[in-house]
Protein chains: 2
Amino acid sequence: MMSLHEAIRGRRSIRRFTDQEVTGEQLALMFDAARWAPSWGNSQCWEIIVVRDRETRKKLQETLTPRNPAGPAMDTAPLVLVLAAGMGKSGCYKGERVTKFSEWFLYDLGLATQNICLTAHALGLGSVIVGAFAHDRVKEIVGLPAGYEAVTMIPVGHADHRPAAPKRREVAEFVHDDRFLG
Amino acid sequence: MMSLHEAIRGRRSIRRFTDQEVTGEQLALMFDAARWAPSWGNSQCWEIIVVRDRETRKKLQETLTPRNPAGPAMDTAPLVLVLAAGMGKSGCYKGERVTKFSEWFLYDLGLATQNICLTAHALGLGSVIVGAFAHDRVKEIVGLPAGYEAVTMIPVGHADHRPAAPKRREVAEFVHDDRFLG
């Protein structure tokens, strides 16, 4: 299978897909990868809704912010993963929040997301992480009960383009020795 | 190099380290991996402070919550990475927040963190993600200016133990078809 190094450097955000299906086996590998992500106190607050139904996907697409570049991905991918989180676990100790930040579940879902997107890439699939949408509307569409939040949507499929990598900050711009130097 | 599959499944949270140093080359590979993480609108809000100074690390260790199981990791690892985020970029459009959540930088740092920890593992190193500590005190210790937040600390080094994997939820417990079924 693809090396970690190659997966990390070769993954791109894919926003247009072919008609080709994603197999159950491919999905199983992506979900198993998510499963092995670390999380706050091993709390594993992630939930994944696999949306294949075309009508539901249309509704999900309509929740995107205007001019969201991921619009065509929602439309052309054979499926969309909705990543959701159970509240009151990540960042908490016995149900009480113990960090400065109130949305620690975002960090844990980021960890699991990277496992999913790297695995998709290693399987020859493309994906893109969509974050700008009406979160409460998506919650309603996929039937999330109270105590859960929809966080991101990830269309997955076979890329029909090979985008160049957007420019990255150089390592020297974000790494500091012992103290932050702005 | 190690396969992605093996890296994802073999990584463990390591909380005790040997004296052996982490080389500059190993760090460079970890930081380059962080660099290739996706982020909100490619905003790349991450900053990494590499703390090797023993006195500073002692101060960082003292910020941990009581009985934090990562205490010995802060002490025995040859270095601690402090992951920080610049505010007003992730989750924002032209400086204005556009999502339901106010701490989207946590998600982006989660994505970058997983690249770092997987790469550490592939290089034969261990790491653990520490999140329960006095964030504002760490901010002060590493000299973060206004507009930045300390998010996590990641001790990195050579493992002196091989912990078993903590139990994970089964895929069937967190994956749902088309609609959430609680």
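The values are calculated or read from the model by the stated rules, or taken from the named source; none is laboratory data. A quick note: this is a predicted structure, and the numbers were derived from the prediction, not measured. Every residue, glycine among them, receives a Cβ derived from its backbone with ideal geometry; neighbour counts consider all protein chains shown. With ligands, DNA and RNA removed, areas are computed over all heavy atoms of the protein, side chains included. Shrake-Rupley method; radii C 1.70, N 1.55, O 1.52, S 1.80 Å.
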| Would you call A:Thr152 open to solvent by less than 50 Å² (accessible area, probe 1.4 Å), part of a strand (DSSP E or B), farther than 30 Å from B:Thr63 by Cα and at the interface with chain B (Cβ under 9 Å from one of its Cβ atoms)? | yes
| Taking only pairs six or more apart or across chains, which ones have beta-carbon atoms under 9 Å, a first residue in the range A:41-54 that is more than 16 Å from A:Lys139 (Cα to Cα), and a second residue that is of a type in the set (S, T, N, Q)? | A:Gly41/A:Ser90; A:Asn42/B:Ser13; A:Ser43/A:Ser90; A:Gln44/A:Ser90
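Just the residues that are touching a residue at least 60 places away in the same chain (Cβ under 8 Å) and outside any strand (DSSP E or B), please, taken from the range A:85-98. Can you show your working first?
Initial filter on the range A:85-98 (touching a residue at least 60 places away in the same chain (Cβ under 8 Å)): A:85-87.
A:Met87 - this is the single residue of the range A:85-98 that is touching a residue at least 60 places away in the same chain (Cβ under 8 Å) and outside any strand (DSSP E or B).
Here are some residues: B:Lys89, B:Lys59, B:Lys94. Which one is at positive phi and more than 10 Å from chain A (Cβ to nearest Cβ)?
Exactly one of B:Lys89, B:Lys59, B:Lys94 is at positive phi and more than 10 Å from chain A (Cβ to nearest Cβ), namely B:Lys94.
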| note | A:Ile129 passes all but one of the listed conditions (1) touching a residue at least 24 places away in the same chain (Cβ under 8 Å); (2) open to solvent by 10 Å² or more (accessible area, probe 1.4 Å); (3) more than 16 Å from the chain's Cα centre (by Cα); the exception is number (3)
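Tell me, please, whether a residue that is in contact with a helix residue (DSSP H, G or I) (Cβ under 9 Å, 6 or more places away or on another chain), surrounded by fewer than 23 Cβ atoms within 10 Å (Cβ to Cβ) and either within 29 Å of A:Ala7 (Cα to Cα) or touching a residue at least 60 places away in the same chain (Cβ under 8 Å) (or both) can be found in the range A:106-114.
Taking the range A:106-114 first, the residues in contact with a helix residue (DSSP H, G or I) (Cβ under 9 Å, 6 or more places away or on another chain) are A:106-114.
Narrowing the set further to residues that are surrounded by fewer than 23 Cβ atoms within 10 Å (Cβ to Cβ) leaves none.
Checked against the condition, which is being in contact with a helix residue (DSSP H, G or I) (Cβ under 9 Å, 6 or more places away or on another chain), surrounded by fewer than 23 Cβ atoms within 10 Å (Cβ to Cβ) and either within 29 Å of A:Ala7 (Cα to Cα) or touching a residue at least 60 places away in the same chain (Cβ under 8 Å) (or both), the range A:106-114 yields no hits at all.
What residue, of A:Leu83, A:Leu79, is touching a Leu at 6+ places or on another chain (Cβ under 6 Å) and within 21 Å of B:Phe180 (Cβ to Cβ)? Give the steps one after another, and end with the answer.
Values: A:Leu79 fails: touching a Leu at 6+ places or on another chain (Cβ under 6 Å).
Of A:Leu83, A:Leu79, the one residue that is touching a Leu at 6+ places or on another chain (Cβ under 6 Å) and within 21 Å of B:Phe180 (Cβ to Cβ) is A:Leu83.
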| message | Quick test of your reading of the structure: B:Lys100 fulfils all but one of (1) at pLDDT below 95; (2) in contact with a His (Cβ under 6 Å, 6 or more places away or on another chain); (3) of a type outside the set (Gly, Ala, Ser). Name the failing condition by number. | response | (1)
| Name the residues in the range B:37-56 that are more than 9 Å from chain A (Cβ to nearest Cβ) and farther than 21 Å from B:Leu27 by Cβ, would you? | B:Ser43
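Each row is one residue, and each column tells you yes or no for (1) aliphatic (A, V, I, L, M); (2) part of a helix (DSSP H, G or I).
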{"residue": "B:Glu47", "(1), (2)": "no, no"}
{"residue": "B:Arg57", "(1), (2)": "no, yes"}
{"residue": "B:Arg67", "(1), (2)": "no, no"}
{"residue": "B:Ala73", "(1), (2)": "yes, yes"}
{"residue": "B:Val80", "(1), (2)": "yes, no"}
| Only one of B:Val175, B:Val142 that is over 20 Å from A:Val98 (Cα atoms), open to solvent by 20 Å² or more (accessible area, probe 1.4 Å) and touching a strand residue (DSSP E or B) at 6+ places or on another chain (Cβ under 6 Å) | B:Val175
| request: May I ask you to say which residue of A:Ala33, A:Ala77 is within 7 Å of chain B (Cβ to nearest Cβ) and open to solvent by less than 40 Å² (accessible area, probe 1.4 Å)? | output: A:Ala33
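Please enumerate the residues belonging to the range A:104-127 that are more than 9 Å from chain B (Cβ to nearest Cβ) and part of a loop (DSSP other than H, G, I, E, B).
First, the residues of the range A:104-127 that are more than 9 Å from chain B (Cβ to nearest Cβ): A:116, A:120, A:123-127.
Those that are more than 9 Å from chain B (Cβ to nearest Cβ) and part of a loop (DSSP other than H, G, I, E, B): A:Leu123, A:Gly124, A:Leu125.
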| task | Please give the number of the condition A:Phe101 fails out of (1) more than 24 Å from B:Thr99 (Cα to Cα); (2) assigned to a loop (DSSP other than H, G, I, E, B); (3) not charged (D, E, K, R). | result | (1)
| Filtered residue count, the range B:1-30, keeping only those that are farther than 26 Å from A:Asn42 by Cα, surrounded by 15 or more Cβ atoms within 10 Å (Cβ to Cβ) and more than 10 Å from chain A (Cβ to nearest Cβ) | 2
| task | Just give me the residues in the range A:62-74 being more than 10 Å from chain B (Cβ to nearest Cβ) and more than 15 Å from A:Ala134 (Cβ to Cβ), in sequence order. | result | A:Pro72, A:Ala73
| query | Looking at the range B:1-25, which of its residues are farther than 22 Å from B:Ala70 by Cα and assigned to a helix (DSSP H, G or I)? | reply | B:Leu4, B:His5, B:Glu6, B:Gly24, B:Glu25
| said: Going by what's in this entry, would A:Leu123 be described as farther than 18 Å from B:Phe174 by Cβ and crowded, with 24+ Cβ neighbours inside 10 Å? | reply: no
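If I go through the range A:159-182 residue by residue, how many of them are part of a loop (DSSP other than H, G, I, E, B) and either of a type in the set (S, T, N, Q) or facing chain B (nearest Cβ under 7 Å) (or both)?
Going through the range A:159-182 one residue at a time, the tally reaches 7.
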